[in-house]
1. Packing-wise, with mean Cβ within 10 Å as the measure, how do 129-135, 168-174 rank, highest first?
2. Along Cα→Cβ, 7 Å out, is where each label goes; now give me the distance between the ones at Leu63 and Glu149 in nm to one decimal.
3. Could you put Thr44, Thr66 in order of accessible surface area, largest first, with the 1.4 Å probe and the full protein assembly present?
4. Sort Glu24, Glu73 by accessible area with a 1.4 Å probe, largest first.
5. Over segment 1-79, give the accessible area per residue in Å² for a 1.4 Å probe, as an integer.
6. Taking the full set of protein chains and a 1.4 angstrom probe, give the accessible area of Phe227 in square angstrom, rounded to the nearest 10.
7. How charged is the neighbourhood of Ile72? Take every other residue with its Cβ under 14 Å from the Cβ of Ile72, and add Lys/Arg as +1 and Asp/Glu as -1.
8. Would you rank Lys35, Lys43 by solvent-accessible area, highest first, keeping every protein chain in place and using a 1.4 Å probe?
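The values are calculated or read from the model by the stated rules, or taken from the named source; none is laboratory data. Here the structure is a predicted model, which means the values were calculated and not measured. When we count neighbours, we look across all protein chains shown, and the Cβ atoms used for this are built from the backbone with ideal geometry, even at glycine. To get the accessible areas, we keep the full protein, side chains included, count just its heavy atoms, and leave off ligands, DNA and RNA. Shrake-Rupley method; radii C 1.70, N 1.55, O 1.52, S 1.80 Å.
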Amino acid sequence: DTEGLLRIKEENQKHYRRAQRHQEKKEKIQRHNRKLGDLVEKKTYDLKTQYEHLANLRRTHILELTSVIFPIEEVKTSMRDPADVSSESDSAMTSSTVSKLAEARRTTYLSGRWVCDDHNGDTSISITGPWITLPNNGDYSAYYNWVEEKKTTQGPDMEHNNPAHTISAALCYATQLVNTLSLILDVNLPKKLCNRQVNEFCGENLSRHRFTRAVKKLNANILHLCFSQHVNLDLLHPLHTLRNLMYLVSPDTENLGR
(Lines give C-alpha, C1' and ligand atoms only; values in the text may rest on other atoms or scores of the structure.)
Protein backbone atom coordinates (compact mmCIF):
# COMPACT_ATOMS: atom_id res chain seq x y z
CA ASP A 1 0.00 0.00 0.00
CA THR A 2 2.88 2.34 0.83
CA GLU A 3 4.49 1.69 -2.56
CA GLY A 4 1.14 2.22 -4.30
CA LEU A 5 0.67 5.47 -2.40
CA LEU A 6 4.13 6.68 -3.52
CA ARG A 7 3.34 5.87 -7.17
CA ILE A 8 0.06 7.82 -6.93
CA LYS A 9 1.90 10.79 -5.40
CA GLU A 10 4.47 10.73 -8.19
CA GLU A 11 1.71 10.60 -10.83
CA ASN A 12 -0.13 13.44 -9.10
CA GLN A 13 3.05 15.52 -9.12
CA LYS A 14 3.48 14.83 -12.85
CA HIS A 15 -0.13 15.84 -13.47
CA TYR A 16 0.37 18.99 -11.35
CA ARG A 17 3.50 19.98 -13.29
CA ARG A 18 1.67 19.30 -16.56
CA ALA A 19 -1.31 21.38 -15.36
CA GLN A 20 1.08 24.25 -14.55
CA ARG A 21 2.53 24.09 -18.07
CA HIS A 22 -0.98 24.04 -19.55
CA GLN A 23 -1.95 27.01 -17.39
CA GLU A 24 1.08 28.96 -18.61
CA LYS A 25 0.26 28.04 -22.18
CA LYS A 26 -3.36 29.10 -21.64
CA GLU A 27 -2.28 32.48 -20.25
CA LYS A 28 0.10 32.92 -23.19
CA ILE A 29 -2.70 32.15 -25.66
CA GLN A 30 -5.00 34.59 -23.84
CA ARG A 31 -2.37 37.35 -24.04
CA HIS A 32 -1.91 36.59 -27.74
CA ASN A 33 -5.70 36.72 -28.32
CA ARG A 34 -5.92 40.04 -26.51
CA LYS A 35 -3.16 41.43 -28.73
CA LEU A 36 -4.94 40.10 -31.81
CA GLY A 37 -8.23 41.56 -30.57
CA ASP A 38 -6.63 44.99 -30.10
CA LEU A 39 -5.06 44.72 -33.55
CA VAL A 40 -8.36 43.69 -35.16
CA GLU A 41 -10.14 46.56 -33.41
CA LYS A 42 -7.52 49.02 -34.67
CA LYS A 43 -7.67 47.58 -38.20
CA THR A 44 -11.48 47.73 -38.11
CA TYR A 45 -11.36 51.38 -37.08
CA ASP A 46 -8.80 52.12 -39.82
CA LEU A 47 -10.96 50.29 -42.37
CA LYS A 48 -14.05 52.22 -41.28
CA THR A 49 -12.08 55.46 -41.59
CA GLN A 50 -10.92 54.47 -45.08
CA TYR A 51 -14.50 53.60 -46.07
CA GLU A 52 -15.66 57.02 -44.88
CA HIS A 53 -12.83 58.70 -46.77
CA LEU A 54 -13.65 56.69 -49.89
CA ALA A 55 -17.34 57.55 -49.54
CA ASN A 56 -16.49 61.25 -49.30
CA LEU A 57 -14.31 60.98 -52.41
CA ARG A 58 -17.05 59.19 -54.31
CA ARG A 59 -19.60 61.74 -53.15
CA THR A 60 -17.34 64.61 -54.26
CA HIS A 61 -16.77 63.05 -57.69
CA ILE A 62 -20.48 62.38 -58.17
CA LEU A 63 -21.51 65.90 -57.18
CA GLU A 64 -18.90 67.35 -59.55
CA LEU A 65 -20.06 65.01 -62.31
CA THR A 66 -23.71 65.96 -61.89
CA SER A 67 -23.06 69.67 -61.52
CA VAL A 68 -20.65 70.14 -64.44
CA ILE A 69 -21.33 67.39 -67.01
CA PHE A 70 -24.72 65.84 -66.18
CA PRO A 71 -26.77 68.42 -64.24
CA ILE A 72 -30.23 67.06 -63.41
CA GLU A 73 -32.93 69.43 -62.27
CA GLU A 74 -36.64 69.92 -62.18
CA VAL A 75 -38.07 72.18 -64.88
CA LYS A 76 -41.30 73.93 -64.01
CA THR A 77 -43.97 74.42 -66.64
CA SER A 78 -46.43 77.24 -66.81
CA MET A 79 -49.43 74.96 -67.20
CA ARG A 80 -52.36 75.85 -64.94
CA ASP A 81 -54.71 73.41 -63.36
CA PRO A 82 -57.74 73.04 -65.68
CA ALA A 83 -59.95 72.85 -62.64
CA ASP A 84 -58.85 76.36 -61.64
CA VAL A 85 -59.32 77.75 -65.16
CA SER A 86 -62.74 76.17 -65.55
CA SER A 87 -63.92 77.34 -62.18
CA GLU A 88 -62.90 80.89 -63.00
CA SER A 89 -64.76 80.81 -66.32
CA ASP A 90 -67.89 79.23 -64.87
CA SER A 91 -68.84 80.42 -61.42
CA ALA A 92 -71.74 77.97 -61.31
CA MET A 93 -69.50 74.90 -61.54
CA THR A 94 -70.02 72.48 -58.68
CA SER A 95 -67.23 71.38 -56.37
CA SER A 96 -67.61 67.77 -57.54
CA THR A 97 -66.87 68.78 -61.13
CA VAL A 98 -63.79 70.69 -60.00
CA SER A 99 -62.52 67.69 -58.02
CA LYS A 100 -63.13 65.37 -60.99
CA LEU A 101 -61.16 67.67 -63.28
CA ALA A 102 -58.31 67.77 -60.79
CA GLU A 103 -58.35 63.99 -60.48
CA ALA A 104 -58.35 63.59 -64.27
CA ARG A 105 -55.37 65.91 -64.49
CA ARG A 106 -53.40 63.67 -62.12
CA THR A 107 -54.15 60.56 -64.22
CA THR A 108 -52.28 59.41 -67.32
CA TYR A 109 -53.14 56.65 -69.78
CA LEU A 110 -49.86 54.76 -70.03
CA SER A 111 -49.25 51.44 -71.83
CA GLY A 112 -52.89 50.40 -71.86
CA ARG A 113 -53.80 51.39 -68.30
CA TRP A 114 -54.51 54.47 -66.25
CA VAL A 115 -51.68 55.57 -63.97
CA CYS A 116 -51.98 58.08 -61.14
CA ASP A 117 -49.29 60.75 -61.27
CA ASP A 118 -49.48 63.78 -58.99
CA HIS A 119 -46.79 65.64 -60.99
CA ASN A 120 -48.48 65.21 -64.36
CA GLY A 121 -48.28 68.40 -66.38
CA ASP A 122 -46.51 70.38 -63.64
CA THR A 123 -42.86 69.56 -64.15
CA SER A 124 -40.37 67.68 -66.24
CA ILE A 125 -36.83 66.58 -65.41
CA SER A 126 -33.91 67.83 -67.49
CA ILE A 127 -30.40 66.42 -67.92
CA THR A 128 -27.36 68.33 -69.23
CA GLY A 129 -29.59 71.37 -69.80
CA PRO A 130 -33.18 72.63 -69.65
CA TRP A 131 -33.74 71.80 -73.33
CA ILE A 132 -33.26 68.02 -72.88
CA THR A 133 -36.05 66.69 -70.70
CA LEU A 134 -38.11 63.58 -70.07
CA PRO A 135 -41.81 63.50 -69.24
CA ASN A 136 -42.19 63.30 -65.51
CA ASN A 137 -44.81 60.53 -65.68
CA GLY A 138 -42.69 58.13 -67.73
CA ASP A 139 -44.89 58.39 -70.83
CA TYR A 140 -42.55 58.04 -73.83
CA SER A 141 -45.32 57.50 -76.38
CA ALA A 142 -44.05 60.48 -78.39
CA TYR A 143 -41.10 58.32 -79.42
CA TYR A 144 -43.33 55.43 -80.51
CA ASN A 145 -45.59 57.76 -82.50
CA TRP A 146 -42.60 59.40 -84.17
CA VAL A 147 -41.12 56.04 -85.21
CA GLU A 148 -44.46 54.84 -86.60
CA GLU A 149 -45.02 58.10 -88.45
CA LYS A 150 -41.52 58.12 -89.89
CA LYS A 151 -42.11 54.67 -91.39
CA THR A 152 -44.90 56.07 -93.54
CA THR A 153 -43.88 59.72 -93.98
CA GLN A 154 -40.49 61.16 -94.89
CA GLY A 155 -39.83 64.86 -94.74
CA PRO A 156 -37.41 67.40 -93.29
CA ASP A 157 -40.12 68.97 -91.11
CA MET A 158 -40.25 65.85 -88.98
CA GLU A 159 -36.60 66.22 -87.97
CA HIS A 160 -36.99 69.57 -86.18
CA ASN A 161 -38.47 70.36 -82.78
CA ASN A 162 -39.44 66.75 -82.30
CA PRO A 163 -40.03 65.56 -78.72
CA ALA A 164 -38.89 62.08 -79.72
CA HIS A 165 -35.38 63.41 -80.29
CA THR A 166 -35.41 65.00 -76.84
CA ILE A 167 -36.54 61.73 -75.25
CA SER A 168 -33.87 59.65 -76.99
CA ALA A 169 -31.14 62.19 -76.13
CA ALA A 170 -32.19 62.32 -72.46
CA LEU A 171 -32.22 58.52 -72.21
CA CYS A 172 -28.81 58.35 -73.88
CA TYR A 173 -27.33 60.79 -71.35
CA ALA A 174 -29.05 58.97 -68.49
CA THR A 175 -27.49 55.68 -69.62
CA GLN A 176 -24.04 57.26 -69.78
CA LEU A 177 -24.50 58.70 -66.29
CA VAL A 178 -25.67 55.37 -64.85
CA ASN A 179 -22.62 53.61 -66.32
CA THR A 180 -20.30 56.20 -64.81
CA LEU A 181 -22.04 56.10 -61.41
CA SER A 182 -21.73 52.32 -61.27
CA LEU A 183 -17.96 52.65 -61.79
CA ILE A 184 -17.56 55.39 -59.18
CA LEU A 185 -19.73 53.61 -56.60
CA ASP A 186 -18.27 50.18 -57.46
CA VAL A 187 -21.76 48.70 -57.78
CA ASN A 188 -22.46 45.91 -60.25
CA LEU A 189 -25.59 46.65 -62.27
CA PRO A 190 -28.22 43.89 -62.56
CA LYS A 191 -28.86 44.73 -66.23
CA LYS A 192 -25.82 45.03 -68.44
CA LEU A 193 -25.43 48.43 -70.08
CA CYS A 194 -22.77 48.84 -72.75
CA ASN A 195 -21.79 51.48 -75.25
CA ARG A 196 -23.93 49.71 -77.84
CA GLN A 197 -27.03 50.42 -75.77
CA VAL A 198 -25.98 54.04 -75.28
CA ASN A 199 -25.76 54.39 -79.05
CA GLU A 200 -29.01 52.47 -79.38
CA PHE A 201 -31.03 55.32 -77.91
CA CYS A 202 -29.39 57.97 -80.10
CA GLY A 203 -28.79 55.81 -83.14
CA GLU A 204 -31.28 53.80 -85.10
CA ASN A 205 -35.04 54.13 -84.65
CA LEU A 206 -36.14 51.44 -82.22
CA SER A 207 -39.34 49.49 -82.37
CA ARG A 208 -41.70 49.88 -79.46
CA HIS A 209 -40.67 46.49 -78.05
CA ARG A 210 -36.92 47.19 -78.20
CA PHE A 211 -37.34 50.72 -76.89
CA THR A 212 -39.52 49.59 -73.96
CA ARG A 213 -37.09 46.81 -73.10
CA ALA A 214 -34.11 49.21 -73.11
CA VAL A 215 -35.98 51.71 -70.92
CA LYS A 216 -36.96 48.97 -68.45
CA LYS A 217 -33.33 47.87 -68.17
CA LEU A 218 -32.25 51.45 -67.55
CA ASN A 219 -34.94 52.01 -64.91
CA ALA A 220 -34.03 48.75 -63.17
CA ASN A 221 -30.37 49.78 -62.96
CA ILE A 222 -31.28 53.21 -61.62
CA LEU A 223 -33.46 51.66 -58.92
CA HIS A 224 -30.65 49.23 -58.03
CA LEU A 225 -28.24 52.16 -57.57
CA CYS A 226 -30.83 53.97 -55.45
CA PHE A 227 -31.29 50.89 -53.25
CA SER A 228 -27.51 50.51 -52.84
CA GLN A 229 -27.24 54.11 -51.60
CA HIS A 230 -30.27 53.83 -49.28
CA VAL A 231 -32.37 56.45 -51.05
CA ASN A 232 -35.73 56.95 -49.36
CA LEU A 233 -38.07 54.40 -50.95
CA ASP A 234 -41.06 56.73 -50.62
CA LEU A 235 -39.42 59.05 -53.18
CA LEU A 236 -38.87 56.41 -55.87
CA HIS A 237 -41.17 55.39 -58.71
CA PRO A 238 -40.34 52.61 -61.20
CA LEU A 239 -41.28 54.77 -64.23
CA HIS A 240 -39.62 58.06 -63.21
CA THR A 241 -36.23 57.66 -64.87
CA LEU A 242 -34.61 61.05 -64.34
CA ARG A 243 -36.47 61.87 -61.12
CA ASN A 244 -35.05 58.73 -59.49
CA LEU A 245 -31.59 59.72 -60.73
CA MET A 246 -32.09 63.20 -59.34
CA TYR A 247 -32.89 61.79 -55.90
CA LEU A 248 -29.88 59.47 -56.13
CA VAL A 249 -27.29 62.18 -56.83
CA SER A 250 -28.91 64.82 -54.63
CA PRO A 251 -26.61 66.40 -51.99
CA ASP A 252 -29.36 65.57 -49.48
CA THR A 253 -28.77 61.82 -49.97
CA GLU A 254 -26.93 61.05 -46.73
CA ASN A 255 -25.51 57.66 -47.77
CA LEU A 256 -24.31 58.69 -51.24
CA GLY A 257 -20.92 57.06 -51.78
CA ARG A 258 -21.35 54.21 -49.28
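1. Going by the mean number of other Cβ atoms within 10 Å, highest first, we get 168-174, 129-135.
2. It works out to 4.3 nm between the two label points.
3. Thr44, Thr66
4. Numbers: Glu24 120, Glu73 95 Å².
Ranking Glu24, Glu73 by accessible area, largest first, yields Glu24, Glu73.
5. On the way: 7260 Å² over 79 residues.
Averaged over the residues of segment 1-79, the accessible area is 92 Å².
6. 110
7. Working: positive: Arg243; negative: Glu64, Glu73, Glu74, Asp252.
Surrounding charge for Ile72 is -3.
8. Descending accessible area places them as Lys35, Lys43.
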